[in-house]
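Scroll down for the structure; my scribbles are underneath it.
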Amino acid sequence: MEFVTTKDAPAAIGPYTQAVIAGDFVFASGQIPLDPETMEIVGDDVKAQTDQVLRNLAAVLEQAGAGLSKVVKSTVYLANISDFQAMNEVYAKHFGEHRPARAALQAGALPKGALVEIEAIAIRS
């Protein structure tokens, strides 16, 4: 296993790493909408927060030799499932024509009061 860290995404706020490479796969930890420099939440609505989350996730995946276009599975956690459509609009813009497998669900609460968190599994090639 190889552990991945980048300063272009928020530092881990607990006992975990931003991502782990195992063989040809990258397992990216859940990203919340933190600014990597200030470690403060970006945006006060789910669209702005989803945009920051996906920027953070892309930075981690790129550091690992993958990227959003290499994601095979993602999981989206929402503080409120009624934000699904708004999140989905931003998600679709970031992924373009690429359509990985995905689950989306409402979480009881997310770290630091975030409205959205996204984790992903990607392949390196």
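Step by step: first the residues of the stretch 72-122, then only those that are among the acidic types (D, E) and in contact (Cβ under 8 Å) with a residue 60 or more places away in the chain, then the one that is surrounded by the most Cβ atoms within 10 Å (Cβ to Cβ). Which residue is that?
Ranking the qualifying residues of the stretch 72-122, first place goes to E117.
Cβ-Cβ under 7 Å, sequence separation 6+ or interchain: first residue in the stretch 1-14 and part of a loop (DSSP other than H, G, I, E, B), partner surrounded by fewer than 12 Cβ atoms within 10 Å (Cβ to Cβ). Which pairs?
M1/A22; P10/M39
Applying the selection to the stretch 24-55, what residues are polar (S, T, N, Q) and either surrounded by fewer than 18 Cβ atoms within 10 Å (Cβ to Cβ) or in contact with a Leu (Cβ under 7 Å, 6 or more places away or on another chain) (or both)?
Q31, T38, Q49
Residues being touching a helix residue (DSSP H, G or I) at 6+ places or on another chain (Cβ under 7 Å), of a type in the set (V, I, T) and within 20 Å of A92 (Cα to Cα): count how many of those fall in the stretch 22-61.
Qualifying residue count, the stretch 22-61: 4.
When you scan the stretch 74-113, how many residues do you find that are in contact with a strand residue (DSSP E or B) (Cβ under 6 Å, 6 or more places away or on another chain), part of a loop (DSSP other than H, G, I, E, B) and closer than 19 Å to A48 by Cα?
2
So which pairs qualify, if the first residue must be in the stretch 37-58 and over 15 Å from A9 (Cβ atoms), the second must be modelled with pLDDT under 95 and in a helix (DSSP H, G or I), the Cβ gap must be under 9 Å, and the two must be at least 6 apart or on different chains?
Every condition considered, no pair remains.
The values are calculated or read from the model by the stated rules, or taken from the named source; none is laboratory data. Bear in mind that the values here come from a model prediction, so they are computed numbers and not experimental data. Backbone-built Cβ (ideal geometry, glycine too); neighbour counts: all protein chains shown.
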